[in-house]
Amino acid sequence: MTPTDAEKIRTKLLADLKSLYNIGIESVMPDRAIWRHVRRDGDTLYVADETYDLSRGRHYLIAFGKAAALMAEALESLIGDVLADGVAITKYGHTGQVKLKKTRLYEAGHPVPDEAGIRAAREALRLAEKARQGDTVYVLISGGGSALLISPATGLSLQDKQKTTELLLRTGATIQEINTVRKHLSRVKGGQLARAIAPARFCSLILSDVIGDPIEFIASGPTAPDTTTFRDVWNILERYQLRNRLPVAVRTYVREGLAGKQPETPKPGDPVFKRGQNLVVGNLAQALKAVHDRAVELGYNALILTTELEGEARELAHLYSAMATDILKHRWPVAPPACILCGGEPTVNVRGNGLGGRNQELALAVLPKIAGRRVTVFGAVGTDGTDGPTDAAGAHVDDDSLARAEQLGLNWLEYLQNNDSYHFFEQTGELIKTGPTQTNVMDIHILLVDQC
């Protein structure tokens, strides 16, 4: 293979990579997700196996998460004529071109909550408590909802929640662990929004951003029974050595919860869930299936390896290196041209003071491991369009990236050790920027390998 041959193949792989992650994102746009599962015939709304009589009672809408604006717009297109009131809360910059007629749209902070989120959640809670017997509340839930629907438990402040969230995010804790803590420091999470809605009926349509689609952990399960307890919270805080670093009010509240002096979240069997429906309308599996099908159309031998990838981003780099080696050397698990797809949500244990996100960190860790393995391209993308506290969705690297970085005088290891992947890729031109996508089903990882 000549350098020119490799360059031509690499250029094609990079173009295909962009096409593939874009089709994955498009496949889980929230309006499409809702229209796949919800339809209207006259005064009857069909949601999977459930029906709702639109001619009876009042109908309300509460949406929160990065996809809240588009989800609200999609539902308004179906029931806007009977909708009495609505509240939608999304991340700053995630409203797009959405135009809502009956729903009040708020923007707030994510992943660390802010005062705007407090005010917006207060409006959502007021609407929930306004619903009466015979009414229906449609709850539209998407990733990011934990931070955006923010209502601290009695005795806790926004600052207490902010500090706790920041500490948990820096430990590398899983989203299940983070949301277990969040549920027990809130007035709305862990089934407590369902409690506020009762005795009215609720219908929750959920866009999943959690591995395995467990409804009790997606956006901290505001309308789902909670199987976790204050004891679980205490164990998580001990596991990550956070007990003595948390705000005093949080430590006190959790201790009171352990002693039965603070209310537990509603559990399975609680009557508040009897008149409710929780339905996952979009998830990562749908996105990876769409990517797989497009890859086949492009001529690749495509394989979905997993939708449940988790672990430290740096460690996962070994997986992609090993697969690239096997494909080139042994032609398995598939022969070139190969497209290996994984999805999930890796974590980052923040040790430095740089800027980046889990997808960028993963790509940077992959970079030296595929160097010289012609011809290999790897990309990691957050489907929401924002990777960590950056304006990038992720990054891509190829078998020649290391050589190009060295020509620029960049030491990849120094940037990795400082968790500064964003500034590394900013200089190499390998950031992936999609802008806010208004959806969120975790991350897509794409490994493309070809030979002459």
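The values are calculated or read from the model by the stated rules, or taken from the named source; none is laboratory data. Predicted, not measured: the structure shown is a model, and the values here were computed from it. Using ideal geometry, Cβ is built from the backbone for each residue, glycine included, and neighbour counts are taken over all protein chains shown.
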- Message: If I filter the range 296-321 down to residues being in a strand (DSSP E or B) and under 17 Å from the mean Cα position of the chain (by Cα), which single residue comes out as nearest to Pro333 (Cα to Cα)?
- Response: Thr306
- In the range 237-252, the residues that are part of a helix (DSSP H, G or I) and either charged (D, E, K, R) or within 26 Å of the chain's Cα centre (by Cα) (or both): Leu237, Glu238, Arg239, Val250, Arg251
- assigned to a strand (DSSP E or B) and over 26 Å from the mean Cα position of the chain (by Cα), is that true of Arg40? yes
- Query: Of the residues in the range 264-284, how many are part of a helix (DSSP H, G or I) and either without any contact (Cβ under 8 Å) to a residue 24 or more places away in the chain or buried (at least 21 other Cβ atoms within 10 Å of the Cβ) (or both)?
  - Reply: 1
- Item | Residue that is surrounded by the fewest Cβ atoms within 10 Å (Cβ to Cβ), among those in the range 86-108 that are free of Cβ contacts under 8 Å to residues at least 24 places away in the same chain and under 18 Å from Asp391 (Cβ atoms) | Tyr92
- Listing of helices (runs of 4 or more DSSP H) fully contained in the range 54-173 that carry 1 or more residues being over 17 Å from the mean Cα position of the chain (by Cα) and under 19 Å from Pro222 (Cβ atoms): 68-79, 115-130, 158-171
- Which condition number in (1) of a type in the set (A, V, I, L, M); (2) under 16 Å from Val137 (Cα atoms); (3) surrounded by fewer than 17 Cβ atoms within 10 Å (Cβ to Cβ) is the one that Leu83 fails? (3)
- Query: Is one or more of the residues making up the range 288-301 crowded, with 16+ Cβ neighbours inside 10 Å and over 30 Å from Val375 (Cα atoms)?
  - Reply: no
- Query: Just checking, which of Gly409, Gly388 is at pLDDT below 95 and out of contact with any strand residue (DSSP E or B) (no Cβ under 6 Å at 6 or more places or on another chain)?
  - Reply: Gly388
- Query: Leu402: in contact with a strand residue (DSSP E or B) (Cβ under 8 Å, 6 or more places away or on another chain), closer than 22 Å to Thr325 by Cα and in contact (Cβ under 8 Å) with a residue 24 or more places away in the chain, yes or no?
  - Reply: no
- In the range 401-437, what residues are touching a Ser or Thr at 6+ places or on another chain (Cβ under 8 Å) and among the basic types (Lys, Arg)? Arg404
- Message: Quick check on this structure: which one of Ala120, Ala147 is without any contact (Cβ under 8 Å) to a residue 60 or more places away in the chain, buried (at least 18 other Cβ atoms within 10 Å of the Cβ) and touching a His at 6+ places or on another chain (Cβ under 8 Å)?
- Response: Ala147
- Note on the structure: By residue number, the members of the range 179-233 that are surrounded by fewer than 24 Cβ atoms within 10 Å (Cβ to Cβ), of a type in the set (D, E, K, R) and touching a residue at least 60 places away in the same chain (Cβ under 8 Å) are Arg187, Arg195, Arg201, Asp213
- Message: Given the criteria surrounded by fewer than 17 Cβ atoms within 10 Å (Cβ to Cβ), more than 30 Å from Glu50 (Cα to Cα) and of a type in the set (A, V, I, L, M), does Leu258 qualify?
- Response: yes
- Query: So which pairs qualify, if the first residue must be in the range 364-389 and surrounded by fewer than 24 Cβ atoms within 10 Å (Cβ to Cβ), the second must be of a type in the set (Val, Ile, Thr), the Cβ gap must be under 6 Å, and the two must be at least 6 apart or on different chains?
  - Reply: Gly385/Thr434; Gly385/Thr437
- Note on the structure: Flagged in the range 184-209 as of a type in the set (Val, Ile, Thr) and either in contact with a Leu (Cβ under 6 Å, 6 or more places away or on another chain) or assigned to a helix (DSSP H, G or I) (or both), in numbering order, are Val188, Ile197
- Note on the structure: Across the range 30-69, the tally of residues that are farther than 24 Å from Arg132 by Cβ, touching a helix residue (DSSP H, G or I) at 6+ places or on another chain (Cβ under 7 Å) and in contact (Cβ under 8 Å) with a residue 60 or more places away in the chain stands at 5
